[in-house]
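Written out below as structure tokens is the structure these notes cover.
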Amino acid sequence: MLPSSFPVSLPERTPAQSTSAEKRSVGKGLFRKCSGCGALSTAEELKARWHVCPACGHHHQMSPREWRALLLDEAKLELWDEHIQPADPLKFEDGKPYEERIQRARSATQASEGIEIGSARIEGCRVAYGCFIFGFMGGSMGSVVGERLTRLFERATSERLPVVLLHASGGARMQEGILSLMQMAKSVSALRRYREVRKPFVSVLLHPTTGGVAASTAFLGDVNLVEPRALVGFAGPRVIESTLRTTLPEGFQRAEFLLAHGMVDRIVPRLELRPTLRTLLTHLGGASA
């Protein structure tokens, strides 16, 4: 064994190796591969098209900031209930403590939790707006997400506002156990009370919307819109096939399959979503100053 003070000289990079490393560094992040067709686009081109593939039309996920820019007037959202923070009553750990996973999700998304809610305007119409944040632990619904969702409907009830809610979630948050599952009933109960003010609730289903979120508010809109090819359902196709030991129909749980079977009202490409929302809010009596 060499003594710790023994001088060790590392081989220097050859010019060819240095050039290759520089090329890899320069090209990193400049291009994006489409998840739908595999086509390459520059990151800037994809961003300019709101992350819709120019080759096949595949809709990639967007950040909450990008959704605000696409849908809301001046991209402005008056946030509600950001002070509600998650706890760790079960002291759950799955390789990493739950609190550490929360902190990592916050750092990655710059969001406080898996949903943001607030007041906004869509082409002049004031709405109660909510958007699940899939990048935050898969948009999973824990106690904070459920409470904010409940308060979204409660405040929309008191202020008589239409609700526009964008769903994108992997379902209930396992780190909170039964406390997470309780949010399904709580949020749906708040939605039931909201019905009494007779204002429209427009549910927008993004890819993916699954589990407990799909089984609660996702399909309960007065109008249910869905993005092309979005996966929406309770259990995933692979789980269903392995459980039932059967082969599912082609396109099962995709947006087009849901529309054909009456589960949603319309498939709306991303670039058409804003004018579609405005038209619905106007015709359903949701428009307000």
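Of Leu181, Leu149, Leu79, the residue with the greatest mean-square motion in the GNM of the chain, using alpha carbon springs below 10 Å, is Leu79. Per-residue ellipticity at 222 nm computed for the chain from its helices equals -10500 deg cm²/dmol, with DSSP H segments shorter than 4 residues left out and the rest contributing -39,500 (n - 2.57).
Among Thr150, Thr246, Thr209, the largest mean-square fluctuation in a Gaussian network model of the chain (Cα springs under 10 Å) belongs to Thr246. Remark on the chain: hydrodynamic radius 21.0 angstrom, per the Kirkwood mean of 1/r across alpha carbon pairs.
Give me the distance between the Cα centres of region 71-133 and region 180-235, rounded to whole Å. Each part's Cα centre sits 17 Å from the other's.
The convex hull drawn around the Cα atoms of region 213-289, when projected onto a plane and averaged over every direction, covers 6.2 nm². Comparing Pro208, Pro249, Pro275 in a Gaussian network model of the chain (Cα springs below 10 Å), the most mobile by mean-square fluctuation is Pro249. Cβ screening of the chain for cysteine pairs under 4.7 Å finds these without a partner: Cys125, Cys131. Across the chain, the mean sequence separation of Cα contacts (distance under 8 Å, 6 or more residues apart), normalised by length, yields a relative contact order of 14 percent. Based on DSSP loop calls and a cut-off of at most 14 other Cβ atoms within 10 Å, the longest stretch of the chain free of exposed GluC sites (Glu not before Pro) is what? My reading of the result: 83-249 is the longest stretch. Of all DSSP bridge pairs formed entirely within the chain, close to 45 percent run antiparallel. Expressed as a whole percent, the proportion of Cα-Cα pairs in region 85-181 lying more than 16 Å apart is 57%.
Any read-out appearing in this document is the output of simple, stated calculations on the displayed coordinates, not a laboratory observation. Quick caveat: nothing in here was measured; it's all calculated off a predicted structure. FYI the Cβ positions are ideal-geometry reconstructions off the backbone, even for glycines, and counts take in every protein chain you see.
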